[in-house]
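What follows is a set of notes on a single structure, which appears directly below.
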């Protein structure tokens, strides 16, 4: 295979690969997977927030319960001291003040625990719901991915085959021509090579001046278009 033929073949392979990649990207499962990913991130963020709040609520309840337990134990201790024997009027009044103060603290702790436990229940319920939603999303992701894998099997197989053919074709080129082709391919979005049809390049379609046509037709088989600067094949090899 001549380098001119290799360049044209390489471009044809790349255009086919681009078309296959586009077909793969346009499969409905791809769009669905993106939607699922966004939903997954949203639920994960919400779950992180809920778990943080739930842990804070648990700590709040644990601290309130510990405080309540402390006040109850202290109240029982003071009551035992008050019941231990004969007391003076002052001592009795002091114990009563302590018991009254402890009773108020106990009442305050018990009052605070009610809403705190309700809040914890709501957060635990929200966490369970979020985790169930997360499981449903993951299940849908797996099913959609399996559908995509099955539906794209033939496309992916063709991409693999063409990629191998491309590698073999690229090996037919000199480093200089391959580098020039890769640069032009990126610049011109795949249409890096054109042929000379008469005195008109096949892509840019700008008619060459007689002097330009003479110079190009008597020069190298692989050159550069003076107008669009794509790689230009001047030979007629392979043309029907």
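So the values come out like this:
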| read-out | value |
| --- | --- |
| Taking the convex hull of Cα positions in region 28-151, its mean projected area over all directions (nm²) | 9.3 |
| Within the chain, percent of DSSP bridges classed antiparallel, to nearest 5 | 60 |
| Among (i) 16.8; (ii) 12.3; (iii) 24.3, the entry that matches mean projected area of the Cα convex hull in nm² as calculated here | (iii) |
| DSSP beta bridge pairing in region 123-239, given as percent antiparallel to the nearest 5 | 60 |
| Label-to-label distance, nm, for residues given as residue 205 and residue 147 (7 Å Cα→Cβ offset) | 4.2 |
| Virtual paramagnetic centre 7 Å along Cα→Cβ of residue 186, amide N under 11 Å, in region 1-37 | none |
| The chain - percent relative contact order, Cα under 8 Å, separation 6 or more | 30 |
| Residue of 133, 144, 88 that the Gaussian network model of the chain assigns the largest fluctuation, springs spanning Cα pairs under 10 Å | 88 |
| Extension gain from residue 70 to residue 1, taking 0.36 nm per residue of separation minus the Cα-Cα distance | 15.6 nm |
| Gain upon complete extension [residue 163, residue 56; 0.36 nm per residue less C-alpha separation] | 33.0 nm |
| Separation between Cα centres of region 1-23 and region 165-240, rounded to whole Å | 14 |
| Cα-based shape type of region 69-137, given that a ≥ b ≥ c are square roots of the gyration tensor eigenvalues and the cut on a/c is 1.5 | prolate |
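Read the figures in this text as sums done on the coordinates, not as results from a lab. Remember, it's a predicted structure, so these values are computed and weren't measured experimentally. We place every Cβ from the backbone using ideal geometry, glycine too, and count neighbours over all the protein chains shown.
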